[in-house]
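Have a look at the structure below before the remarks.
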Amino acid sequence: MASDYYSKQISNLIAEFSRLPGIGEKTAQRLAFHVLHMPIEDVKRFSDTLTKAREQVRYCSVCCTLTDREVCPVCDDQKRDHKQIMVVEDSRDMAAYEKTHKYGGVYHVLHGAISPMQGIGPADIRLKELMVRLQGDVDEVIIATNSSLEGETTAMYIAKLIKPTGIKTTRIASGVPVGGELEYIDEVTLLRALDGRTEL
Ligand code: ZN
């Protein structure tokens, strides 16, 4: 490894960057050297931001999205329709729908999808919390998990769980490219998928 040629502090820095998703050895080196050339105040502010975010961000006690409050701003908004719950895989998917400003319901964030291949089962995502919410007054659950194999598996599993409750359960239309992650999809496609949802 190239980092073998550097002194210990530099190698450690490169190693930390390499542990991040999507960062290869070359990019890690570039980032490490960038940091080493930054003014010390900027580096301190950056590390402080990382620490604070990690310490203060937690799960919303209602929808499980990541937030720095007990209840996130969406769940706290009384103007929204709290009887319509859209189930998404992560907070980024929620942000994608929020960006459209066209959805007036609330969300439930699973933080993952069921994947037998990766050993992720129903107990590893925030499904229990969803089922607890459904004991309240709910008109519709919109399942907006990704159209990947894992997303579809999760959608089917949730639909089966909800069935006995009699709550209307819909699935967003698959105008969304297979395997495409929701956060990368444009607003028009998102809205078309939402409008074209079908009952399960
Ligand atoms: Zn919330």
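Each of E129, E25 has some number of other Cβ atoms within 10 Å of its Cβ, and from fewest to most they run E25, E129.
Please compute the modelled spin-label separation between I167 and S61, points set 7 Å along Cα→Cβ, answer in nm with one decimal. That separation, rounded to one decimal, is 2.0 nm.
Rounded to the nearest 20 debye, the dipole magnitude of the stretch 15-166 is 80 debye, with +1 charges on Lys and Arg beta carbons, -1 on Asp and Glu beta carbons, and the Cα centre as origin.
Label positions at E199 and R69, each projected 7 Å from the Cα along the C-beta direction, are separated by 3.5 nm. Summarising the label geometry, the points placed 7 Å from Cα in the beta-carbon direction at H111 and M131 lie 1.8 nm from one another. Rounded to the nearest 20 debye, the dipole magnitude of the stretch 1-60 is 160 debye, with +1 charges on Lys and Arg beta carbons, -1 on Asp and Glu beta carbons, and the Cα centre as origin. Net length available on complete extension from E98 to F46 is 16.0 nm, with 0.36 nm assigned per residue and the Cα-Cα distance removed.
Counting lysine pairs in the chain whose alpha carbons fall under 26 angstrom apart, excluding pairs fewer than 8 residues apart on the same chain, gives 20. Ranked by how many other Cβ atoms sit within 10 Å of their own Cβ, fewest first, the residues L20, L31 fall in the order L20, L31. Computing FRET efficiency as 1/(1 + (r/R0)^6) for V188 and L149, where r is the C-beta to C-beta distance and R0 is 35 Å, gives about 0.90.
The residues R171, R197, when put in order of fewest to most other Cβ atoms within 10 Å, stand as R197, R171. Which FRET efficiency, nearest 0.05, do I120 and I10 yield, Cβ-Cβ r, R0 41 Å? Calculated value: 0.70. Calculated [222 nm] ellipticity per residue, helices only, for the chain: -12500 deg cm²/dmol; basis is -39500 (n - 2.57) per DSSP H run with n ≥ 4, divided by all residues, nearest 500.
Only the coordinates and a few stated rules stand behind these numbers; no lab work does. All values reported here derive from a predicted model rather than from experimental measurement. FYI the Cβ positions are ideal-geometry reconstructions off the backbone, even for glycines, and counts take in every protein chain you see.
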